[in-house]
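What follows is one structure encoded as structure tokens, with my remarks underneath.
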Amino acid sequence: MRLVRLAAVAAALSLGVSSTATAQWTYPHTFQFQGGSGVYFNGQQVGTYKGSLDGGQQISVWCTDFYNPSHSGAVNSYVTVLGGTDLSKTRFGGVAGAAAMYQKAAYLTTLFATSATSQWGYIQYAIWQLFNAPAPNTGSAFPAAQTHIDSYLALAQANYRNYYYNNFRIITDATVVNGNSRWPNGCQNLPGRTCGFQEYIEGNLTPVPEPATMGLLALGLVGLGVASARRRRNSQSN
């Protein structure tokens, strides 16, 4: 029986199946925005923000939605695990290709830690341009900045499939009436309607093992199972 279990685990690994839980979190949760990065680009604060969830430990978060403001107080929020299949409680869950957009954004957030602050604006605008239409590309920094932004968008496109996203969460203001729509002209252009506060993403990446590595691991697990079975047979025969 143990050998069968090991073989099943090996098969799952060889298929690239993540063992990380993908359960969806539900409302209500309380998100508290605690401060920005202090780094500005094109008149906007960019990069890693700080906040806390349900009064717990401080977490690093990154904003996804250019057209909604941050809020210094506590906000009731939906919290969605990005590795799951249900994005209905997110700001852009109803947009075609939403899962890939959030995954690319998650990948881009990890670049802040290893990039100079002079690059933060380009990375942040790449995240914003993934979601927001029209793209937030006005101001003195444009159009010269777009080449740099496009390079980060290309980097995300080339690399986002190499990771699992079960350790990422999307934190979305629960008071947004139509939270899964993409506003075509920005929230400020919808008369008499409050779109809500900023949506954030937070977490860390889990690399998908390379096929050769997964194959070796699967063979190793099967080998361990065979060796264990032989030892048991030898012990019973003695």
### For VAL39, distant residues with modelled amide H under 5 Å away
VAL46
### Task
Roll a 1.4 Å probe over the protein heavy atoms and report the accessible area of THR114 in Å², nearest 10.
120 Å²
### Query
Is the shape of the range 42-100 rounded, prolate or oblate, going by the alpha carbon gyration tensor and its root eigenvalues a ≥ b ≥ c, with a/c under 1.5 for rounded and a/b larger than b/c for prolate?
oblate
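Quick check for you: with a 1.4 Å probe and neighbouring chains kept, what is the accessible area per residue of the range 52-145, in Å²?
Values: 3590 Å² over 94 residues.
Dividing the accessible area of the range 52-145 by its residue count gives 38 Å².
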### Rounded to whole Hz, the Karplus (6.51, -1.76, 1.60) HN-Hα couplings of the range 106-115, x for glycine and proline
4, 4, 5, 4, 6, 7, 4, 5, 10, 10
### Query
What FRET efficiency comes out for the pair SER140/THR26, r = Cβ-Cβ distance, R0 = 35 Å, nearest 0.05?
0.20
### Message
On a 1.4 Å probe surface of the protein chains, which of THR85, THR80, THR206 comes out largest in accessible area, and what is the full order?
### Response
THR85, THR206, THR80
### Task
Quote to one decimal, in nm, the extra length available between ALA100 and ARG161 on full extension: 0.36 nm per residue of separation minus the C-alpha distance between them.
21.1 nm
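The values are calculated or read from the model by the stated rules, or taken from the named source; none is laboratory data. Here the structure is a predicted model, which is why all the values come from computation and not from measurement. Reconstructed Cβ throughout: ideal geometry from the backbone, glycine too, with neighbour counts over all protein chains shown. The area values use the complete protein model at the heavy-atom level, side chains included, leaving out ligands, DNA and RNA. Shrake-Rupley method; radii C 1.70, N 1.55, O 1.52, S 1.80 Å.
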